Amino acid sequence: MTTTATIGTAATPEPTLAAGRRAALTLSAAQATGGAVAPIAIGLGGILGSSLLGADKSLATLPVTAFVLGSALTSIPAALLMARVGRRAGFLAGGCCTVVAGVLGTAAIFARSFLLFTLAQLIGGMGNAFVQQYRFAAADASPREFRPKAISWVLAGGVFTGVVGPQAIIFGHHLVPGADYAGTYLLVILLGLIGMTVISTLAIPRPAPWRPGDTSGRPLAEIMLKPAFLVALACAVASYALMSLVMTATPLAMIHHHHGHDDAALAIQWHVIAMFAPSFFTGSLIARFGKELMAGAGLVIIGLSAVVALSGTELFHFWTALILLGIGWNLGFVGGTAMVADSYRPEEAAKVQAGNEFLLFGTVAAASFSSGKILVGQGWDAINMIVFPVVALCLALLAVHTLLRRRGGLA
């Protein structure tokens with residue numbers, strides 16, 4: 001029997017558990033393939049950017065920033081498009097961006113063009129904006145009690161991503177004679193097409209229509225200024241931005257400390273696996289211990305990763321730090337996302353998700369851009385020292401908010 005949740009005068013059908021599970025599994029499979037482009041773009045962006053530049057390497061991470069910026073700039077248009085044409089059609093459009101990025105990335109390597117490569121990364125980021133909406137789509141298609149698990153199921157698909165993305169870097173390195181990594185971007189085209197094939201089977205409700213100025217539900221500013229939303233956003237943004245800041249710089253730092261390109265690719269592989277492997281049980285942990293506690297635990301682990309990174313520059317230090325960084329990102333980001341998903345009503349979903357993604361990826365873009373500048377100007381230690389004050393601030397906000405809520409001081 002279908003239940004409904006009444007909000008004001010409108011009755012919104014409550015999604016069934018079976019439908020939520022089907023949607024989460026399909027989106028998890030799509031995450032496993034289409035999502036593999038992100039570790040490729042981040043793992044290779046700085047390395048290829050550096051090789052395509054002249055003597056001044058300070059803009060080496062600009063292609064990585066372009067990827068993240070593409071996600072930020074496309075977050076609102078992606079939400080608006082899916083509100084108009086539906087989730088499946090929107091996700092297919094995102095897959096087309098991935099395919100185009102693969103074509104342009106291959107052409108840029110043959111042409112030795114830094115600008116064309118940066119454009120390819122930007123378009124790849126546009127495709128990634130749709131991939132990032134998979135978690136919200138799974139949450140919206142699920143009953144309230146299944147939402148944390150639905151989000152974690154989708155992110156669990158990233159375990160495969162963590163293998164296929166970095167392995168595509170290694171396998172594609174010399175696949176095309178005379179054009180290092182051109183083969184990797186040919187594989188990006190293939191991954192985009194596979195992801196589109198999976199998405200074509202998705203059956204999911206269309207998001208509630210919304211356009212800028214739409215008066216359905218509460219005003220966006222009112223929702224986003226609520227303490228619950230602000231704390232949720234802070235946890236999600238801090239987890240993602242700190243992860244991006246450190247991960248973007250790591251391949252270049254490893255090469256600077258005389259480790260090989262394949263060592264850097266494997267470090268990213270284990271990092272991405274660590275990002276997504278906890279998703280098999282993150283939802284259950286959230287159900288047992290709560291979203292806030294898991295978000296806080298993730299931030300603490302991110303802090304521990306910086307401690308390891310500051311303790312040495314051997315392979316062990318880089319790999320261990322990146323694994324801890326990935327685990328911390330998972331708990332912090334899934335916990336924060338689940339908190340965000342609880343902050344809006346069904347008719348408010350599109351505008352809140354769009355606003356959340358814009359703020360999230362705008363901050364992440366700034367973090368990835370500054371990563372190269374800080375690394376070149378101040379060194380690897382400076383990158384990791386930034387982690388501590390950000391983690392401390394977010395933990396303080398989370399603790400105060402949780403305490404006030406338990407005492408009845410906050411809604």
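The values are calculated or read from the model by the stated rules, or taken from the named source; none is laboratory data. Keep in mind it's a predicted model, so treat the numbers as computed, not measured. Neighbour counts are summed over all protein chains in view; Cβ atoms, including those assigned to glycine, are modelled from backbone coordinates with ideal geometry.
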- Residue check for Val334: over 24 Å from Gly303 (Cα atoms) and touching a helix residue (DSSP H, G or I) at 6+ places or on another chain (Cβ under 7 Å): no
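Which residue, of Leu104, Leu48, Leu73, is at pLDDT 85 or above, farther than 15 Å from Tyr185 by Cβ and in a helix (DSSP H, G or I)? Full working, then the answer.
On the way: Leu104 fails: farther than 15 Å from Tyr185 by Cβ; Leu48 fails: farther than 15 Å from Tyr185 by Cβ.
Every option except Leu73 fails the conditions.
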- Item | Unique match (being under 17 Å from the mean Cα position of the chain (by Cα) and at pLDDT 85 or above) among Ala168, Ala138, Ala111 | Ala138
- Query: How do the pairs read when you match residues in region 55-68 that are under 14 Å from Gly105 (Cβ atoms) with residues anywhere that are assigned to a helix (DSSP H, G or I) and of a type in the set (S, T, N, Q), using Cβ under 6 Å and keeping only pairs 6 or more apart or on different chains?
  - Reply: Pro63/Thr118; Pro63/Gln121; Val64/Thr248; Val64/Ser368; Ala66/Thr118; Ala66/Gln121; Phe67/Gln121
- Message: Which residue is nearest to Met247 (Cα to Cα), if the candidates are limited to region 361-391 and must be without any contact (Cβ under 8 Å) to a residue 60 or more places away in the chain and assigned to a helix (DSSP H, G or I)?
- Response: Ala382
- Message: Considering only region 54-68, I want to know if a residue exists there that is modelled with pLDDT under 85, surrounded by fewer than 24 Cβ atoms within 10 Å (Cβ to Cβ) and charged (D, E, K, R).
- Response: yes
- Note on the structure: Gly336 meets each of (1) within 20 Å of Val154 (Cα to Cα); (2) small (Gly, Ala, Ser); (3) surrounded by fewer than 21 Cβ atoms within 10 Å (Cβ to Cβ) with one exception, condition (3)
- For Ala399, indicate whether it is in a helix (DSSP H, G or I), touching a helix residue (DSSP H, G or I) at 6+ places or on another chain (Cβ under 8 Å) and within 24 Å of Arg135 (Cα to Cα). no
- Query: Can you tell me which residues in region 359-369 are crowded, with 20+ Cβ neighbours inside 10 Å and touching a Leu at 6+ places or on another chain (Cβ under 8 Å)?
  - Reply: Leu360, Phe361, Ala365, Ala367, Ser368, Phe369
- The one condition Pro143 fails out of (1) buried (at least 18 other Cβ atoms within 10 Å of the Cβ); (2) in contact with a Pro (Cβ under 7 Å, 6 or more places away or on another chain) is (1)
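For Ala18, are the conditions met, namely being closer than 28 Å to Phe280 by Cα, without any contact (Cβ under 8 Å) to a residue 40 or more places away in the chain, out of contact with any Lys or Arg (no Cβ under 7 Å at 6 or more places or on another chain) and surrounded by fewer than 24 Cβ atoms within 10 Å (Cβ to Cβ)? Let's see the steps before the verdict.
Numbers: closer than 28 Å to Phe280 by Cα: yes; without any contact (Cβ under 8 Å) to a residue 40 or more places away in the chain: yes; out of contact with any Lys or Arg (no Cβ under 7 Å at 6 or more places or on another chain): yes; surrounded by fewer than 24 Cβ atoms within 10 Å (Cβ to Cβ): yes.
Against the criterion (closer than 28 Å to Phe280 by Cα, without any contact (Cβ under 8 Å) to a residue 40 or more places away in the chain, out of contact with any Lys or Arg (no Cβ under 7 Å at 6 or more places or on another chain) and surrounded by fewer than 24 Cβ atoms within 10 Å (Cβ to Cβ)), Ala18 qualifies.
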- Quick one: what pairs do we get from region 97-113, first residue more than 16 Å from Gly195 (Cα to Cα), second among the acidic types (Asp, Glu), C-beta under 9 Å, 6+ apart or different chains? Ile109/Asp180
- What number of residues within region 306-334 satisfy the criterion of being free of Cβ contacts under 8 Å to residues at least 40 places away in the same chain and touching a Leu at 6+ places or on another chain (Cβ under 8 Å)? 1
- Query: Taking region 244-271 as the search range and keeping residues that are touching a Ser or Thr at 6+ places or on another chain (Cβ under 6 Å) and assigned to a helix (DSSP H, G or I), which one is modelled with the lowest pLDDT?
  - Reply: Thr248
- Task: List every residue pair whose Cβ atoms lie under 7 Å apart, where the two residues are 6 or more positions apart in sequence or sit on different chains, the first residue falls within region 238-258 and is under 15 Å from Gly336 (Cβ atoms), and the second residue, located anywhere, is hydroxyl-bearing (Ser, Thr, Tyr) and buried (at least 24 other Cβ atoms within 10 Å of the Cβ).
- Result: Ser244/Ser368
- Those residues of region 76-91 which are surrounded by fewer than 24 Cβ atoms within 10 Å (Cβ to Cβ), in contact with a Phe, Trp or Tyr (Cβ under 9 Å, 6 or more places away or on another chain) and either within 22 Å of Leu186 (Cα to Cα) or among the β-branched types (Val, Ile, Thr) (or both) amount to Ile76
